[in-house]
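This report refers to the structure that appears directly beneath it.
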Amino acid sequence: MDKDVPNIDKLAGIELYSTKFDGIGGSIKAKNEDFKVIEILVEPISSEISTIPDKSYKYPILLLQKNGLDSNHAIIEILNQLGIKIRVLGIKDSKAVTTQHATCEGKKFEGKTTHTNLTLLGFSKHSIKKSHIMGNQFEIKISNPLKNDISEFITEINNIPNYYGLQRFGSERLVTHLVGREIIKRNFKKAVNIFLCHTTEYDTQFSKEIREKCNDPKNYGHVMKIIPRRMDLERNLLRSLIDGKGYISTLRSVPINIRRLFVHAFQAFMFNKCLSSMIKNGESINCCIKNDFCFKLENHLTLGKLMKYQDPSFTNLVPAMHLLGYSFKSADGRFERKLSSLMKEENISAKDFYIKEMQELSVEGGFRQLPLLVNDFSYYDNLFVKFKIPIGSYATILLRELMKPEDPIKSGF
């Protein structure tokens, strides 16, 4: 807990370590195969899949396996190369080998692309949605650790906060929450400029040079000629600006699922910041106290009913915190009071999350459990770790406590 937290973690609102374990160092994602993720469906869906479609079983469930491509770009690649328009349930990173679930319309279900393999798992009675994901199973290789014995760490594994990981914010660029903040404040021009121009000390030199040129609108035409195709979001923004479109229209040139990430990332930043502050003040994140919101645990991975904690006889509860949105109300709970204070510092209110100018980006809010629920943790050889966590939680949050990297970006985070 006393070890210095890297600056990039602090920029994401992660201001402390919660375990006393020294950390084993090392790195992850030396190659994509070192980071494997398998999505786990809830039991009613996974156990009731028919291989033959009929009037009851009419919704296709597909398995999407991909290597070296994030989920959003996998969707585009499958549409371009196979002509199949799929909808995925969860978002998975590019630097990994992942297996996740998807669905689609039409009669064609299978095929291979440059980075993906799409197969038909079967047919369900229900159109699958995000709430049907129970969690994810990870198998991760840590390269060049300082030691292989992590038995001490396992004794502290229940103390880890359920932070949002760096991926939520753009990793080395750490930009998505900054764009979201300006959207919430209705500074649409600034939101566009931040997405095009913002860099951090962790960003690549090439990216810094491109973004420096984007500071001057006179350079837009030149940048369009040299910007690589992988920077497709920036290309969309620049093309809209060159065409003379307004800043709201320019933001809408970004695909809706990515555009929503901007506001969600700011929501995540405020969650991280509040959680860090409360832990620093000695607040427990594992035990519910009076006026806390809590989730009832249905099983080790699945959260059940949300309730206000009043009765000590209730068991299997985990504390939860509000995710900011237009439905947020300052209440008498410890986390609500702190969130209200942080909102004042940001000069925002709950109603700002209802965005009339871009209603598709409005967020109502919600709740997120405070401890990271780690299940079936094991390790072997030198050094593979294997574990399961619920949907929405980040494997890298567990790994940062285990490894305590001095430079998370160089270490593969």
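Just so you know, all these numbers are worked out from the coordinates, no wet-lab data involved. This one's a predicted model, so the numbers in the text were calculated from it and none came from an experiment. Quick reminder, even Gly has a Cβ in these numbers, built from the backbone with ideal geometry, and neighbours come from all protein chains shown.
What ratio of Cα Rg to 2.2 N^0.38 Å holds for the chain?
Working it through for the chain, the quotient is 1.01.
As an exercise, use a Förster radius of 25 Å and the Cβ-Cβ distance of I91 and E152 to find the FRET efficiency, rounded to the nearest 0.05.
Calculated value: 0.15.
Using label points projected 7 Å from each Cα along Cα→Cβ, tell me how many nm separate L306 and Q359, to one decimal.
2.3
For the stretch 34-136, what's the relative contact order in percent, using C-alpha pairs closer than 8 Å and at least 6 residues apart?
Normalised by residue count, the contact order of the stretch 34-136 is 44 percent.
Determine the gain in length on full extension of the stretch E346-E283; use 0.36 nm per residue of separation and subtract their C-alpha separation, reporting nm with one decimal.
Roughly 20.4 nm would be gained on extension.
In whole Å, what is the distance between the alpha-carbon centres of the stretch 24-40 and the stretch 300-361?
So the two Cα centres are separated by 32 Å.
Just need the relative contact order of the chain here, percent rounded to a whole number, with Cα pairs under 8 Å and 6+ apart.
Relative contact order, the chain: 21 percent.
Between S46 and E212, what's the calculated FRET efficiency when r is the beta-carbon distance and R0 is 41 Å? Round to 0.05.
About 0.25, to the nearest 0.05.
If a paramagnetic tag sat 7 Å from the Cα of E139 along the Cα-Cβ line, which residues of the stretch 25-60 would have the backbone N under 13 Å from that point?
33-39
Rounded, prolate or oblate for the stretch 192-256? Axes are the square roots of the Cα gyration tensor eigenvalues, ordered a ≥ b ≥ c, and the cut-off for rounded is a/c under 1.5.
Here the stretch 192-256 falls in the prolate category.
From the square roots a ≥ b ≥ c of the eigenvalues of the alpha-carbon gyration tensor of the stretch 34-136, which class results: rounded (a/c under 1.5), prolate (a/b over b/c), or oblate?
oblate
Mind checking the full-extension length gain between K130 and K410? Use 0.36 nm per residue of separation minus the Cα-Cα distance, one decimal, nm.
97.6 nm is the gain from fully extending K130 to K410.
Please give, to one decimal in nm, the separation of the simple spin-label points placed at T315 and K58, each 7 Å out from Cα toward the Cβ.
4.5
Suppose the chain between E33 and T114 were pulled fully straight at 0.36 nm per residue; how much longer would it get relative to their current alpha carbon spacing?
Extra length available between E33 and T114 comes to 27.5 nm.
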